[in-house]
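A short write-up of the structure that comes next.
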Amino acid sequence: MSVHFDVSKISFFGLDDWSVAVCAWRGCCIEVFSRAEHSVADCLKTLEAAGLKLSNDAYHQGAVARLRALSDCMSSHTFGGHEKGTRKRIESWQKLCEKRTMLAHGKVKATQNGITIEPVNIPSKKGPVIAPMSLSRVGMLEFLADLEQSQLLLHQQLGHIKALATKAKPSIATKQPDPGSSPG
């Protein structure tokens, strides 16, 4: 079961305990990510049931891998023209997924004006060190609103794909010229 928060009940500007509001905001964000992951998993299950071949990433535990599998399917099949819009929604959601790890695993500190999130930095010689993220109280609300809007649009787009799953057709690959033929 999923808990749907009413953000207006979180006191971002009142005299309530700010640290509790910060925890509630974080929970709201994680809930939205969870809703999106369920939408993606349900769509992948529908595509598989319709007989479409999915890459191994569709069965991966990582959310980004499953998004990649879904995008690959949109690239190799047509869904009544909805595949292009779906790839755009997936791409938008993937950008937001970059913040999910920080929200889920980072150390969130309530500040007087908002929050600071310190990511978990694993000592390594490879890869960049991720900088802390700071958001004002208004920025927190804007982030959550953007997250909810993007999740809703992804969910709606995946609904179109699920509805057309049994009618999906392989994309027509552009024919490569025969290497032995002459142009013309």
Pair list, Cβ under 9 Å, 6 or more apart: segment 28-43 residue in contact (Cβ under 8 Å) with a residue 40 or more places away in the chain and of a type in the set (Ser, Thr, Tyr), other residue assigned to a helix (DSSP H, G or I) and surrounded by 21 or more Cβ atoms within 10 Å (Cβ to Cβ): Ser39/Gln151; Ser39/Leu154; Ser39/Leu158
Among residues of segment 15-54, those that are more than 18 Å from the chain's Cα centre (by Cα), farther than 30 Å from Ser136 by Cβ and among the aliphatic types (A, V, I, L, M), counted: 5
Restricting segment 57-68 to residues that are open to solvent by 50 Å² or more (accessible area, probe 1.4 Å) and in a helix (DSSP H, G or I), the residue that is farthest from Lys45 (Cα to Cα): Val64
So Leu15, is it at pLDDT 95 or above and not in a helix (DSSP H, G or I): no
Cβ pairs under 6 Å, 6+ apart, first in segment 102-126 and within 17 Å of Trp18 (Cβ to Cβ), second part of a loop (DSSP other than H, G, I, E, B): Thr116/Pro132; Ile117/Gly106
Search result, residues across segment 42-56 that are in a loop (DSSP other than H, G, I, E, B) and open to solvent by 60 Å² or more (accessible area, probe 1.4 Å): Gly51, Lys53
Residue check for Ser71: surrounded by fewer than 16 Cβ atoms within 10 Å (Cβ to Cβ), of a type in the set (S, T, N, Q) and at negative phi: no
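The values are calculated or read from the model by the stated rules, or taken from the named source; none is laboratory data. As the structure is a computational prediction, the values presented were derived from the model and not from experiment. No Cβ is skipped: glycine too gets one built from the backbone with ideal geometry, and neighbour counts run over all protein chains shown. These accessible areas exclude ligands, DNA and RNA; they are computed on the full protein's heavy atoms, side chains included. Shrake-Rupley method; radii C 1.70, N 1.55, O 1.52, S 1.80 Å.
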